[in-house]
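This report concerns only the one structure given below.
The values are calculated or read from the model by the stated rules, or taken from the named source; none is laboratory data. Worth saying up front: this structure is predicted, and the values here are computed from it rather than measured. Here Cβ is always computed from backbone atoms with ideal geometry, including for glycine, and neighbour counts include all displayed protein chains. Ligands, DNA and RNA are stripped out before the accessible areas are found, and what is left, the full protein with its side chains, is counted by its heavy atoms. Shrake-Rupley method; radii C 1.70, N 1.55, O 1.52, S 1.80 Å.
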Amino acid sequence: MKALQIAEAGVVRVADVEKPVLKSGEILLSIKYVGFCGSDLNTYRGNNPMVKMPVIPGHEVGAVIEEIGEGVPEGFHKGMAVTVNPYTNCGKCASCRNGRVNACEHNETLGVQRNGSMQEYLVLPWNKVIPANGLSAKECALIEPMSVGFHAVSRGQVTDIDTVAVIGCGMIGLGAIVRASLRGASVIAIDLDDEKLELAKRLGARYVINSKTEDTVKKIKEITDGYMADVVIEAVGSPATYVTAIDAVSFTGRVVCIGYAKSDVSFQTKYFVQKELDIRGSRNAMPEDFRAVIQYLKNSNCPKEELISAIVKPEEAGDALKKWSENPGKVFRILVEF
C-alpha cells in the first residue's frame, strides 16, 4: 500500500509498505485525510529529536472503518467516520497512575516516536478509535489539533469570570480560543497575522492584538484596566512569547504552556514569586477533550473549510511542506488526501 515518508531532513517520498494485518481487539481504518502539524514540520526540517527517520508522519486523522476484528465491543461499524487518539499510555508511570494518561512518561505519538497515519490503511486497538457521527472524514482530521487547545483551557481552569489571553492563533491556539469562549471567558487573541486574528474574532475572541504592530503587554493592560490576563495560554513555543506570557499574566494568574521553545529562555523569576503564579504545562489531550471538540464541530457554525489551508495528494506533500517551512505563519492546516 502507499505511504508517505519523511526520509531525512527536507526529503519526502511516497513508499510502498505492507498493509497491516488485523488482529483481535483491533480495527482496520481506511485513511482519507491526515493533517500536517508543527511536529511534522519540525521533522521535515530535521529539528525533531524524538523522531528516527525514515518515518511515516501524521496523527491528525480522518478515516472510515474498513474492517472490525474479533473482540471489539458494539458501537463500531464499517463505513463509520472516525478520528483516532494518537497517543499511547503505559498504565504504570506517575502520570498514568494519577489518571492523566495524556502525559504518559512513555507516550509514543503516531508519526513521532512511531510510524504515523499517512498511509492508506492503519490498524489500531479499538479503544484508540473515536467515532465522530455527523462529521465527514475530512472534518475528523481537524479534531485532534483543536482538542490540544481545548485541553489547555482545562489545564488553566478557565471560568466565565476570567480574561484569557491566547498567544498564537494556529489550529491549537484557535482551539483554546473556542473552548475559553464557550466557557464564557473574555478572550484576547494575539498573533502576527491579521487574517488569523480576524478568524479568531469569528471563533469567539473579544479582542485581538497584532503583536507585530502593537505592544502586547501594554494593550492587555489597557483592555483589563490594569489587572492583566487571569490566564495566558502560550501556543507558539518561542522564547519571546514565553516571556510575554509571564509579563502579561495577572498577579495570582495562571500561565499554560503548550508550545515548547527550542532554545533557552531567560526569565525575570521574581515575577514567579511576586505574582505567585501557577505555571502549568499542557500536553496532548484527554478523551473528554476529543468528545468536546466533536460536539463543537457538529453543533456550531465553525467555518471548518477556512481552517484548511490546502488539500494535497501524497505526491504533492513534499512541495507543500517546503512552502509551509518557508512561510509558517500563513498556514492553518495542510491535509494529505489518500
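Remarks
- Enumeration of residues in segment 104-136 that are over 23 Å from Ile6 (Cβ atoms) and in contact with a strand residue (DSSP E or B) (Cβ under 8 Å, 6 or more places away or on another chain): Pro125, Trp126, Val129, Ile130, Pro131, Ala132, Asn133, Leu135, Ser136
- Counting the residues of segment 278-298 that are within 30 Å of Val249 (Cα to Cα), β-branched (Val, Ile, Thr) and open to solvent by 10 Å² or more (accessible area, probe 1.4 Å) gives 1.
- Residue within segment 81-90 that is surrounded by fewer than 19 Cβ atoms within 10 Å (Cβ to Cβ) and either more than 22 Å from Val293 (Cβ to Cβ) or without any contact (Cβ under 8 Å) to a residue 12 or more places away in the chain (or both) present: yes
- Among the residues of segment 189-209, just one is open to solvent by less than 10 Å² (accessible area, probe 1.4 Å) and more than 19 Å from the chain's Cα centre (by Cα), namely Ile209.
- Scope segment 232-242; condition open to solvent by 50 Å² or more (accessible area, probe 1.4 Å) and either over 24 Å from Asn47 (Cα atoms) or in contact (Cβ under 8 Å) with a residue 24 or more places away in the chain (or both); matching residues: Val236
- Applying the set (1) more than 25 Å from Ser154 (Cβ to Cβ); (2) charged (D, E, K, R); (3) without any contact (Cβ under 8 Å) to a residue 60 or more places away in the chain to Asp193 leaves exactly one unmet item: (3).
- Subset of segment 22-58 (residues that are out of contact with any helix residue (DSSP H, G or I) (no Cβ under 9 Å at 6 or more places or on another chain), more than 22 Å from Leu335 (Cβ to Cβ) and either at pLDDT 95 or above or surrounded by 23 or more Cβ atoms within 10 Å (Cβ to Cβ) (or both)): Leu22, Lys23, Ser24
- Qualifying residue in segment 163-173 (condition: farther than 23 Å from Val331 by Cα and not charged (D, E, K, R)): yes
- Qualifying residue in segment 136-149 (condition: under 17 Å from the mean Cα position of the chain (by Cα), among the hydroxyl-bearing types (Ser, Thr, Tyr) and buried (at least 22 other Cβ atoms within 10 Å of the Cβ)): yes
- Residue check, Ser309 touching a helix residue (DSSP H, G or I) at 6+ places or on another chain (Cβ under 8 Å), over 25 Å from Lys201 (Cα atoms), surrounded by 13 or more Cβ atoms within 10 Å (Cβ to Cβ) and of a type outside the set (A, V, I, L, M, F, W, C): no
- Set side by side, the residues Thr159, Thr163 differ, and just one is hydroxyl-bearing (Ser, Thr, Tyr) and surrounded by fewer than 21 Cβ atoms within 10 Å (Cβ to Cβ), which is Thr159.
- For segment 62-93, a residue qualifies if it is over 18 Å from Arg283 (Cα atoms), within 18 Å of the chain's Cα centre (by Cα) and among the aliphatic types (A, V, I, L, M), and the qualifying residues are Ala63, Val82.
- One residue from Asn301, Asn327 being within 16 Å of Met146 (Cβ to Cβ), modelled with pLDDT under 95 and open to solvent by 70 Å² or more (accessible area, probe 1.4 Å): Asn301
- Tally of residues being open to solvent by 30 Å² or more (accessible area, probe 1.4 Å) and either in a loop (DSSP other than H, G, I, E, B) or free of Cβ contacts under 8 Å to residues at least 12 places away in the same chain (or both) across segment 220-231: 5
- Yes/no for Asp160 being under 18 Å from Glu306 (Cα atoms) and free of Cβ contacts under 8 Å to residues at least 40 places away in the same chain: no
- Taking the conditions (1) of a type outside the set (Val, Ile, Thr); (2) open to solvent by 50 Å² or more (accessible area, probe 1.4 Å); (3) more than 24 Å from Leu41 (Cα to Cα); (4) assigned to a helix (DSSP H, G or I) in turn, Glu214 satisfies each one other than (4).
- Looking only at segment 7-21, residues that are within 13 Å of Gln119 (Cβ to Cβ) and open to solvent by less than 50 Å² (accessible area, probe 1.4 Å) come to 3 in all.
- Filtering segment 269-325 to residues that are over 30 Å from Tyr227 (Cβ atoms) and of a type in the set (Phe, Trp, Tyr) leaves Phe290, Trp324.
- Test: residue in segment 255-277 that is open to solvent by 80 Å² or more (accessible area, probe 1.4 Å) and among the hydrophobic types (A, V, I, L, M, F, W, C): yes
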